[in-house]
Amino acid sequence: MIFSTLEHILTHISFSIVSIVITIHLITFLVDEIVKLYDSSEKGIIVTFFCITGLLVTRWISSGHFPLSDLYESLIFLSWSFSLIHIIPYFKKNVLILSKITGPSAILTQGFATSGILTEIHQSGILVPALQSEWLIMHVSMMILGYAALLCGSLLSVALLVITFRKNRKLFYKSNGFLNESFFLGENVVENTSFFCAKNYYRSQLIQQLDYWSYRVISLGFTFLTIGILSGAVWANEAWGSYWNWDPKETWAFITWIVFAIYLHTRTNRNLRGPNSAIVASIGFLIIWICYFGVNLLGIGLHSYGSFPSTFN
């Protein structure tokens with residue numbers, strides 16, 4: 001009873017803090033001058049991280065097993081992973097872009113996990129025989145950490161594509177407008193050109209930062225995903241007598257691995273860096289959600305214990 005109450009309190013505290021933090025981020029995004037608000041939001045996300053950590057530890061002690069046995073627990077761990085990645089900008093002040101991605105991701109996963117949709121599986125139960133293994137921590141934690149990193153990196157690539165598309169479109173319209181203006185207003189050409197170049201330089205720097213951190217975060221996530229798939233294969237051999245069974249979850253995990261392997265391969269070619277590789281990562285963003293979330297809607301296969309409650313199937 002005590003652990004259940006403590007878990008309930010930590011869940012709502014973490015969700016409340018994350019809600020406040022994302023609100024502050026939106027305010028600071030619109031008003032750059034409010035520096036104190038941004039500092040408080042960074043401290044708030046650290047408090048959220050420790051609250052979710054306490055929640056996971058409490059659930060671990062009360063259930064007697066690592067809290068990664070169902071969809072609710074995996075969502076909480078995914079939120080914890082986003083919060084962990086979010087702490088990086090706190091120590092590296094030049095990685096503010098990453099916090100704009102991890103903040104909303106943490107609140108969305110935390111909000112869905114604590115919603116009424118998953119009420120039936122909030123209470124931890126006895127592990128199914130297939131999950132009663134030491135490989136549970138290794139396999140599932142690596143997979144969730146991989147999903148979190150890959151989702152963050154993919155969102156950075158999506159942002160890169162949006163900015164690049166808007167930049168190219170505005171370049172087209174402004175170039176035409178600039179030619180018309182220079183024909184009638186020759187004396188303002190130099191001033192307009194300097195303003196145009198400064199704005200274009202800022203966007204180019206932003207695109208480079210998005211591309212740089214997208215590659216770094218996706219590389220980290222790909223490493224976690226690879227370790228998770230390999231450890232899962234070993235665990236599957238012990239539990240089911242085969243390293244690979246072409247289960248829907250396994251198949252989509254393999255597809256996810258292939259997509260991001262293609263992304264990393266495109267990064268080795270200078271001509272394919274930037275928007276070209278970002279397109280592959282954006283496709284990977286959708287593939288991850290199908291693998292992690294979409295397959296659970298089916299409720300079939302060897303990984304059906306991670307599906308929605310039966311009332312929603």
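The values are calculated or read from the model by the stated rules, or taken from the named source; none is laboratory data. Every value quoted in this text rests on a predicted model; they were computed, and no experiment measured them. Neighbour counts run over all protein chains shown; Cβ positions are idealised from the backbone, glycine included. Each accessible area value is taken on the protein alone, full model and side chains, heavy atoms only, with ligands, DNA and RNA left out. Shrake-Rupley method; radii C 1.70, N 1.55, O 1.52, S 1.80 Å.
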* Considering each of Asn269, Asn237 in turn, give the residue that is in the same structural domain as Gln209 (by the TED database) and under 14 Å from Asp211 (Cβ atoms). => Asn269
* Does Phe224 qualify as being closer than 25 Å to Leu297 by Cβ, open to solvent by 30 Å² or more (accessible area, probe 1.4 Å), in a helix (DSSP H, G or I) and in contact with a Gly (Cβ under 7 Å, 6 or more places away or on another chain)? -> yes
* What number of residues within segment 4-22 satisfy the criterion of being more than 18 Å from Phe77 (Cα to Cα) and modelled with pLDDT under 75? -> 2
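Look at Phe172 and say whether it is modelled with pLDDT under 65 and either open to solvent by 40 Å² or more (accessible area, probe 1.4 Å) or assigned to a helix (DSSP H, G or I) (or both).
Yes, satisfied.
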* **Selected residue (criterion: modelled with the lowest pLDDT) from residues of segment 117-145 that are more than 21 Å from Ser4 (Cα to Cα) and polar (S, T, N, Q)** => Gln132
